[in-house]
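Only the coordinates and a few stated rules stand behind these numbers; no lab work does. Note that the structure is predicted; figures quoted are calculated from it, not measured. So basically every Cβ, Gly included, is an ideal-geometry build from the backbone, and we count neighbours across all protein chains shown.
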Amino acid sequence: MRLSVLGSAASYPGPGHACAGYLVQTSATSVLLDCGNGVLANLGRVIDPVSLGAVVISHGHIDHFADVFALQAALRYAPSGPVPPLPLYLPPGLFDRMEALLGERGGHELREAFRVHEVEPGVRIDVGDLSIVPHAVDHAQSACAFVVTRGDARLCYTGDTQLGDAVRAAARGAGTLLADATLPEEYAGRAPHMTPAEAGELARDAGAHTLLLTHLWPTVDRDRALVDARERFGGRVIVADEQTVLDID
């Protein structure tokens, strides 16, 4: 399977960046993990949005789902006409809150665009030949990491989380770890996120061979983030940006 980073920024995007969004593709399907602000524009560089197999949202912070509203328009106003509803997996109650922002007509159109499912930790999501298992993590209410597998290939996307037993359990055995690395070291412990060094520790303990650092504040020194992660993890470390593409096997 192939991973394309569509958004690597935390909370708000800096110049040339977008917020959380990661496309996982096989020859049979494609799944978008999170759909934050700016993601849809980058998605269109890789695939036609109407060809998505599903969208899966990790938690209810807006930098992880804002472009679902834009995706709705792309699906309903496709050149060939409205496409069948796209499977959308998201935390309990989030879709209702999104719908409430739009009023009666807008909410109806949002429901026309998607086939809504609520994410439940431990309940597997199958999309084509991809299997996605949500794992509860320590961040916001109902926040999840996602373990994506196809055959022997195993990717763990931590979503937003602090380092702890929950995310360690999710990451265990993943060859590739796509990890929250929001906080510079001087801010460690001030918010429920990881630092690059903690992401490196997680990758080491999980037995991963590749670590992608993502969800970085726009003001974070990305070169320093790379150095900090390498102090704890001896495998391959990549600082994700909006052009990162990685084959996972």
Got the relative contact order for the chain handy, in percent, Cα pairs under 8 Å and 6 or more residues apart?
18
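Taking K and R as +1 and D and E as -1, what net charge do the other residues with C-beta under 15 Å from the C-beta of ALA145 add up to?
Neighbourhood net charge equals -4.
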Cβ under 12 Å from GLU99's Cβ, GLU99 left aside: what net charge do those residues give with Lys, Arg +1 and Asp, Glu -1?
-1
Taking the Cα centroid of region 170-249 and of region 123-142, what is the distance between the two, rounded to the nearest whole Å?
20
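Only four residue types carry charge here, +1 at the Cβ of Lys and Arg and -1 at the Cβ of Asp and Glu. Report the dipole size of the chain about the Cα centre in Debye, rounded to the nearest 20.
Here the size comes out at about 340 debye.
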Extending each Cα 7 Å along its Cβ direction at ARG115 and ASP205, get the distance between those two points in nm, one decimal.
3.9
The ³J(HN,Hα) series, computed from each phi in region 68-85 with the Karplus coefficients 6.51, -1.76 and 1.60 at θ = phi - 60°, rounded to the nearest Hz and given as x for glycine or proline, is 4, 5, 5, 4, 4, 5, 4, 6, 7, 10, 4, x, 8, x, x, 8, x, x
Just add up the charged neighbours of VAL31: K/R +1, D/E -1, any other residue whose Cβ is under 12 Å from the Cβ of VAL31.
-1
Quick check on packing: order 186-192, 213-219 by the mean number of other C-beta atoms within 10 Å, highest mean leading.
213-219, 186-192
